[in-house]
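Take a look at the structure set out below.
Read-outs throughout are calculated quantities, based only on the coordinates presented, and are distinct from any laboratory measurement. This is a predicted model, so every value here is computed, not measured. For neighbour counting, all protein chains shown are included, and Cβ atoms are generated from backbone atoms with ideal geometry for every residue, glycine included.
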Amino acid sequence: MASFFGIIATPFGYIMRFMYDLIGNYGLCIILFSLLVKIITSPLMYKQKKSMLATQRLQPKIQEIQRKYAGDKARMNEEMQALYDRENASPTSGCGTMIVTMVVLFGLYYVILQPLTYVMHLSSAEISSIAETLGMEMKNARGMEIQLAGKIFDNFDLVKDISSKIIPINFNFLGIDLSAKPDIKQFGLNWLIPFFSGLTAFGASWLQTRMQNKNVQKPQGAPNTSLMTYVLMPAMSVYFCFILPAGLGLYWIANNVFGMATEPIFNKLIKKEQEIEKVAK
């Protein structure tokens, strides 16, 4: 899996390097990268949302099929699939978006954790030479690249002749070290990353639920997902932001904010399509 995500991380690293050379601000690079991913994946997300809303509107018919063919699983599945085909809906519509999201997240994880490999594109020999020059004992050079990159910024003149590809990356963003994990035992400015990650995750979930309820009336007897939506998801976001570099947390925050911005747009477009379909019928 590491080699697979390494392949994904390679083009991401080139994009981050181009952005950093252009902007010179690591935090803004992550935010712009998140925006770029959101723009590229918007058609997939729109299709997924449209199919999900269609599936929710079919819940009364689905429940009727389940009651009617409760004793015949094969017939039930046939009728359900026929219903999905007629209404152009799919119960697995969110899988594609979820897979893309995870691939991007893990790819970016490697870029942030190993900037010497994926942003500077240095060889193992060059990385070892940098570590030796800066007096760092690196039993696991790959795993400590983020710390080594921080030392390069403070001691660029000592290592710049090792390779022309070496650049001093400033991981400071609004006083927050994006290369470090927020220390849960010691309150600091880095705590803002988990806090806003949880807050924006809650906001994104709340807005999505509110928009869905406008388009689709919740069927009677449908399971209550409030605990998962408003508590578990934001809590997981906060937890992961405490065990991963702050740069990834910043990506999550930006992704949540851009998601909240696109949610009303998607719903408006879907509503227009539904009105056109009604007129056509």
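For the pair residue 18 and residue 133, label points projected 7 Å from Cα toward Cβ lie 2.8 nm apart. One decimal place: the segment residue 28-residue 75 gains 11.5 nm when fully extended, by the rule 0.36 nm per residue minus the C-alpha distance. What is the list of residues in segment 100-135 whose amide nitrogen lies under 13 Å from a point 7 angstrom out from the Cα of residue 165, following Cα to Cβ? Under cut-off, by backbone N: 115-128. For the chain, relative contact order (Cα pairs under 8 Å, six or more residues apart, normalised by length) works out to 23 percent. Segment residue 86..residue 101, full-extension length gain: 2.5 nm, with 0.36 nm per residue of separation and the alpha-carbon distance subtracted. Close amide H contacts of residue 181 (hydrogens built in the peptide plane, cut-off under 5 Å, sequence separation of 5 or more or a different chain): 246. Scanning the chain for long hydrophobic helices, with DSSP H runs required to stretch 24 angstrom or more by C-alpha along their axis and to average at least -1.0 on the Kyte-Doolittle scale, returns 2-23, 26-57, 94-113, 192-215, 246-280. Modelled spin-label separation between residue 10 and residue 275, with each label point placed 7 Å from Cα along the Cα-to-Cβ direction: 4.9 nm. For the residue pairs 61/268; 61/271; 47/272, the alpha carbons lie more than 18 Å apart in 61/268; 61/271. Taking a straight line from the alpha carbon of residue 49, these aspartates and glutamates sit under 15 Å away, with near neighbours fewer than eight places off in the same chain left out: 87, 263, 273.
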